[in-house]
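Taking it in order: structure first as structure tokens, then the write-up.
The values are calculated or read from the model by the stated rules, or taken from the named source; none is laboratory data. A quick note: this is a predicted structure, and the numbers were derived from the prediction, not measured. Neighbour counts are summed over all protein chains in view; Cβ atoms, including those assigned to glycine, are modelled from backbone coordinates with ideal geometry.
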Amino acid sequence: MSNTNKSLILIVVVIMLAIYIVVPNSPGIPFGENPKEFVTRLGLDLVGGVQALLEADLPAGSNINSEAMRTATTIVENRVNGLGVNEAVVQQAGDRRIVVELPGETDPEAALAVLRQTGLLEFVDFSALNDQEIQTLLNSQTKIKTDFGLTEEDASIQPTPSATETITTSETITNPLASLSDTVFHTIMTGADLKTAAVTTNQANQYEISFELTDTGADIFAEHTAAHIGDVLAIVLDKEIISAPGINDAIPDGRGVISGSFDQESANALAVQLRYGSLPIPLVVVETRTVGPTLGQDSLQKSMLAGLVGFIIVVLFMIIYYRLSGLMAVLSILIYALIVFAIFRGVPVTLTLAGIAGFLLSTGSALDANILIFERIKEELRAGKNLKLSLDLAFKRARPAIIDSNIATLITCGILFWFGSTFGATIVKGFSITLAIGVVVSLFTALVVTRTMMTLTLSNFKSTDYAKWFGI
Amino acid sequence: MINILGKRYIFFAVSAILIIPGLILLAIQASRGTLPLAIDFTGGSLLEVKFESDVQPQPSEIVSLYTELGVEGVTAQTTGEGTYVIRSSPLEDEVRAGLVDALSERFDSEVTVLRFETVGPTIGRQVTLNALMAVGVAALLVIIYMTYAFRRVPNALRYGICAILAMVHDVAVVLSLVAIGGIFWGWQIDALFLTALLTVIGFSVQDKIVVFDRVRENTNIYRRLEFEKLVNHSIVQTLGRSINTQLMTVEFILLALALFGGVTLREFATILLVGLFMGTYSSIFIAAPTLVMWENKEWRNWFGRNQTPA
């Protein structure tokens, strides 16, 4: 099989994949462990929303424990998830910052309040629930209600454990989750009573978390565990259940272990969450950005229209100036746009205004590659070479310029990406990602797609009126 | 054949005329502390609001409201029908939370928040420093890469350095543009500007490599040819591509964005429009001539003898 045919097959496969990803309501990848859906993600400068940058509130230059920072990020993420914002992003940026993006969030103050609060670790009595209900709660990841801090306000809202039981059992059949999330559970003690927590291994070499309580905590715990052997005591962080161990024995002295099917990672995660019920590192909000939805949408519509107008002019120019080659280039650019958009949806890459600008510029780069090749074809034809030879020489001679110049752009993209992710400058980061993706795809479309199309079309090309067909 | 290189000192003069006034302007602004630096770099707060009813408060009234709340360094300006941009020192959490309500109450109008940004002062300083460092590192890596890519021609290092010199030229033009834009249209040097500048840098270098690639190729073909003629020939050969890529394609898209695109992108598109044009311009009129100048060691003729170079 010739190289051209191999390329053709590759191109067809890539295009079909891209179309599969791009079509609206694409089924995604419905199998495997993590089914994947394809969505177009718009950044908050386009749909409006809130962005915040949190920074470790420690003196500059002081060493920040990366483990603790990761934990802090997880905790912030949990809190943000509680806001119910779709496509919220929480990312660590550099070694002391966390970027939080909440596209579509309209109440910035509410969002910031949630970010600032200190996490609350509670030990909650689940003795009223059966195994199945606990499992439902654990899987649903919904927030539960507890009576911590409630008692003084109005104790009468709080259903008695027996009442809870009747409600849950009677409604289990219809909607178990709804009633469970309405139930107010009893908080036995909070993270304030926990002294230490660490990962250990038992005789069977299984991972466990051993913990130690303060004196007050030990007393409460001793009383509760003695009365509730066999029941479940849930560990709840910011009202979200992170673990639900059962009580095997009474724990009189404030020292105990949580055992279960932990691996090292999950044991460590739980221990860290226990230790740092509140944030392991104090965080301050150093930067907030709120974009109203109107500004973003207005910009998006106008810019899309402007981009389209620009593109149509470019298409006309290419076809009028380069004739047959120009037509191929336009096809090649459309394929380029299709692949890039598919990658944006597949990865997914969040599209911001800067990201769209990066995409438009890499489109320029893709056009440049084509133009370099066509100018070479014209040169070789003018020099009197035949069509096939001109085509081969043009691709061969234009390649070093195309590759070297694009690598230089990729180097710059790399630096931009580093800069953007370290400082939480999402504008810069988004720009570099889309530009880099565009540059790589443009190399493929110029050197493979355009070439294959040209070779296929020109292998049966009889006319020698090159002036007419190639615009010499 | 067009002799571009013969007029190289004229082009150098043109560039100097373009750059120097802008740079002087920047220097004056810098010494007075009035550089149009956005809060991304200085730290501070920016609030852009629209008053929904017909009230159009004077900017000074808004400033005095801020001052009553204990905020310093406040400037307010109208940007359109009932819209205002208010800049100030970074707002405290409590002030920020109540600010929009306070505006709404004082001027008796529903207030829509278009943008509300607060950047702490320390983070701003770090961003500035690291942005400069990022540019420096990128330039260095590009020189290294080009020296590698051009290793088969004599004096490979020169190609990288000339490309970077021309790139610095493009950056200087863009900075001059911003200094002027800052005065006339209230432009700000912000994160988006930084993105534009870095794009200009990337594309400037990309363009130089295309032109230098032709020099590289021709070096092996015309071994006897004088270097100056060789470079001139290379420029002329790539002229068609330079004009078509830049003027006909990239610039069209950017022009459309600058003219009809969203407000948030307009400044960005204008800077790219000028910057990318300069990227192409400087490949032909700065980078290649510098290469020739270096080859001829022309600086030996600059002083002492009254010879006209070239």
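The set of residues from the range A:80-112 being among the small types (Gly, Ala, Ser) and either crowded, with 17+ Cβ neighbours inside 10 Å or in a loop (DSSP other than H, G, I, E, B) (or both) comprises A:Gly82, A:Gly84, A:Ala88, A:Ala93, A:Gly94, A:Gly104, A:Ala111.
Here is a yes/no grid of residues against (1) at pLDDT below 90; (2) touching an Asp or Glu at 6+ places or on another chain (Cβ under 6 Å); (3) more than 8 Å from chain A (Cβ to nearest Cβ); (4) under 30 Å from A:Pro293 (Cβ atoms):
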| residue | (1), (2), (3), (4) |
| --- | --- |
| B:Tyr222 | yes, no, yes, no |
| B:Ser242 | yes, no, yes, no |
| B:Glu251 | yes, no, yes, no |
| B:Leu255 | yes, no, no, yes |
| B:Thr264 | yes, no, no, yes |
| B:Phe277 | no, no, yes, no |
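Name the residue, out of B:Phe11, B:Phe41, that is outside any loop (DSSP other than H, G, I, E, B), surrounded by 12 or more Cβ atoms within 10 Å (Cβ to Cβ) and modelled with pLDDT of 90 or more. Don't jump to the end; show me each part of the working.
Numbers: B:Phe41 fails: modelled with pLDDT of 90 or more.
Just a single option satisfies the conditions, and that option is B:Phe11.
Say whether the condition of being under 30 Å from B:Ser89 (Cα atoms) and within 10 Å of chain A (Cβ to nearest Cβ) is met by at least one residue in the range B:173-191. Yes, the range B:173-191 contains at least one residue that is under 30 Å from B:Ser89 (Cα atoms) and within 10 Å of chain A (Cβ to nearest Cβ). Among residues of the range B:141-152 that are farther than 16 Å from B:Thr219 by Cβ and in the same structural domain as B:Ile209 (by TED's automatic domain parsing), those with a Cβ under 9 angstrom from a residue that is of a type in the set (Asp, Glu) and surrounded by 15 or more Cβ atoms within 10 Å (Cβ to Cβ), sequence gap 6+ or separate chain, pair up as B:Tyr145/A:Asp404.
Would you mind stating whether A:Ile411 is assigned to a helix (DSSP H, G or I) and closer than 19 Å to A:Arg323 by Cβ? Spelling it out, it is not the case that A:Ile411 is assigned to a helix (DSSP H, G or I) and closer than 19 Å to A:Arg323 by Cβ. Among the residues making up the range A:419-436, those that are at the interface with chain B (Cβ under 7 Å from one of its Cβ atoms), closer than 18 Å to B:Val200 by Cβ and part of a helix (DSSP H, G or I) are A:Phe419, A:Ile427, A:Val428, A:Phe431.
Out of A:Phe417, A:Phe431, A:Phe461, report the one residue that is surrounded by fewer than 22 Cβ atoms within 10 Å (Cβ to Cβ), over 26 Å from B:Phe212 (Cα atoms) and within 23 Å of the chain's Cα centre (by Cα).
On the way: A:Phe431 fails: surrounded by fewer than 22 Cβ atoms within 10 Å (Cβ to Cβ); A:Phe461 fails: within 23 Å of the chain's Cα centre (by Cα).
Exactly one residue qualifies, and that residue is A:Phe417.
Hey, can you tell me all the residues within the range A:350-394 that are among the basic types (Lys, Arg), away from chain B (no Cβ under 13 Å) and assigned to a helix (DSSP H, G or I)? Across the range A:350-394, the qualifying residue is only A:Lys388. For B:Thr78, state whether it is hydroxyl-bearing (Ser, Thr, Tyr), touching a residue at least 40 places away in the same chain (Cβ under 8 Å) and touching a Pro at 6+ places or on another chain (Cβ under 8 Å). Answer is no for this residue. Selection of the range B:143-170 for residues being in a loop (DSSP other than H, G, I, E, B) and more than 10 Å from chain A (Cβ to nearest Cβ) yields B:Arg151, B:Arg152, B:Val153, B:Pro154, B:Asn155. Scanning the range A:215-240 for residues that are of a type in the set (Ser, Thr, Tyr) and either modelled with pLDDT under 85 or farther than 17 Å from A:Pro252 by Cα (or both) turns up just one, A:Thr216. B:Pro59 fulfils the conditions (1) touching a strand residue (DSSP E or B) at 6+ places or on another chain (Cβ under 6 Å); (2) under 30 Å from A:Thr426 (Cβ atoms) except for a single criterion, (2).
Has the range A:393-403 got at least one residue that is touching a residue at least 60 places away in the same chain (Cβ under 8 Å) and surrounded by fewer than 24 Cβ atoms within 10 Å (Cβ to Cβ)? No, the conditions are met nowhere in the range A:393-403. Can you confirm whether the range A:38-56 contains a residue that is among the polar types (S, T, N, Q), within 30 Å of A:Met189 (Cβ to Cβ) and either under 14 Å from the mean Cα position of the chain (by Cα) or surrounded by fewer than 20 Cβ atoms within 10 Å (Cβ to Cβ) (or both)? Within the range A:38-56, not a single residue is among the polar types (S, T, N, Q), within 30 Å of A:Met189 (Cβ to Cβ) and either under 14 Å from the mean Cα position of the chain (by Cα) or surrounded by fewer than 20 Cβ atoms within 10 Å (Cβ to Cβ) (or both).
Here are some residues: A:Glu77, A:Glu55, A:Glu67. Which one is within 14 Å of another protein chain (Cβ to nearest Cβ), more than 30 Å from A:Lys302 (Cβ to Cβ) and either in contact with a Leu (Cβ under 8 Å, 6 or more places away or on another chain) or not in a loop (DSSP other than H, G, I, E, B) (or both)? Break it down into steps so the answer makes sense when it comes.
Values: A:Glu77 fails: within 14 Å of another protein chain (Cβ to nearest Cβ); A:Glu67 fails: within 14 Å of another protein chain (Cβ to nearest Cβ).
None of the other options fit; the residue is A:Glu55.
At least 1 residues being in contact (Cβ under 8 Å) with a residue 40 or more places away in the chain, aromatic (Phe, Trp, Tyr) and surrounded by fewer than 21 Cβ atoms within 10 Å (Cβ to Cβ) is the threshold, and among the helices (runs of 4 or more DSSP H) wholly inside the range B:171-283 those reaching it are B:227-243.
Looking at the range A:339-349, is at least one residue facing another protein chain (nearest Cβ under 9 Å) and either buried (at least 20 other Cβ atoms within 10 Å of the Cβ) or free of Cβ contacts under 8 Å to residues at least 24 places away in the same chain (or both)? There is no residue in the range A:339-349 that is facing another protein chain (nearest Cβ under 9 Å) and either buried (at least 20 other Cβ atoms within 10 Å of the Cβ) or free of Cβ contacts under 8 Å to residues at least 24 places away in the same chain (or both).
Go through the residues of the range A:199-216 one by one and say whether even a single one is of a type in the set (A, V, I, L, M), touching a Lys or Arg at 6+ places or on another chain (Cβ under 8 Å) and in the same structural domain as A:Thr142 (by TED's automatic domain parsing). Give the derivation first.
Step one: filter the range A:199-216 for residues of a type in the set (A, V, I, L, M), giving A:199, A:204, A:209, A:213.
Narrowing the set further to residues that are touching a Lys or Arg at 6+ places or on another chain (Cβ under 8 Å) leaves A:213.
Next cut, in the same structural domain as A:Thr142 (by TED's automatic domain parsing) only: A:213.
Looking for residues that are of a type in the set (A, V, I, L, M), touching a Lys or Arg at 6+ places or on another chain (Cβ under 8 Å) and in the same structural domain as A:Thr142 (by TED's automatic domain parsing), one finds at least one in the range A:199-216, hence yes.
Scanning the range B:138-158 for residues that are within 14 Å of B:Ile209 (Cα to Cα) and in contact with a Lys or Arg (Cβ under 8 Å, 6 or more places away or on another chain) turns up B:Phe150, B:Val153.
Can you tell me which residues in the range B:223-235 are of a type in the set (A, V, I, L, M) and closer than 14 Å to B:Lys208 by Cα?
Answer for the range B:223-235, where residues must be of a type in the set (A, V, I, L, M) and closer than 14 Å to B:Lys208 by Cα: B:Val231, B:Ile235.
When the range B:153-170 is filtered for residues that are touching a residue at least 60 places away in the same chain (Cβ under 8 Å) and among the aliphatic types (A, V, I, L, M), the ones remaining, listed by number, are B:Val153, B:Ala163, B:Leu165, B:Ala166, B:Met167.
How many of the residues making up the range B:127-142 are under 28 Å from A:Val50 (Cα atoms) and more than 7 Å from every other protein chain (Cβ to nearest Cβ)?
Initial filter on the range B:127-142 (under 28 Å from A:Val50 (Cα atoms)): B:127-132, B:134.
Going one step further and asking which of them are more than 7 Å from every other protein chain (Cβ to nearest Cβ), we end up with B:128-129, B:132.
Here the count works out to 3.
Scanning the range B:116-133 for residues that are modelled with pLDDT of 80 or more and either in contact with a helix residue (DSSP H, G or I) (Cβ under 9 Å, 6 or more places away or on another chain) or of a type in the set (Val, Ile, Thr) (or both) gives B:Phe116, B:Glu117, B:Thr118, B:Val119, B:Met133.
Among the listed residues A:Thr363, A:Thr455, A:Thr426, A:Thr422, identify the single one that is hydroxyl-bearing (Ser, Thr, Tyr) and over 40 Å from the mean Cα position of the chain (by Cα).
On the way: A:Thr363 fails: over 40 Å from the mean Cα position of the chain (by Cα); A:Thr426 fails: over 40 Å from the mean Cα position of the chain (by Cα); A:Thr422 fails: over 40 Å from the mean Cα position of the chain (by Cα).
Every option except A:Thr455 fails the conditions.
When the residues of the range B:91-142 are narrowed to those that are basic (Lys, Arg) and part of a helix (DSSP H, G or I), which ends up surrounded by the fewest Cβ atoms within 10 Å (Cβ to Cβ)? Can you show your working first?
First, the residues of the range B:91-142 that are basic (Lys, Arg): B:96, B:106, B:115, B:125.
Applying the additional criterion that residues be part of a helix (DSSP H, G or I) yields B:96, B:106, B:125.
Numbers: B:Arg96: 22, B:Arg106: 16, B:Arg125: 13.
If we take residues in the range B:91-142 being basic (Lys, Arg) and part of a helix (DSSP H, G or I), then B:Arg125 is surrounded by the fewest Cβ atoms within 10 Å (Cβ to Cβ).
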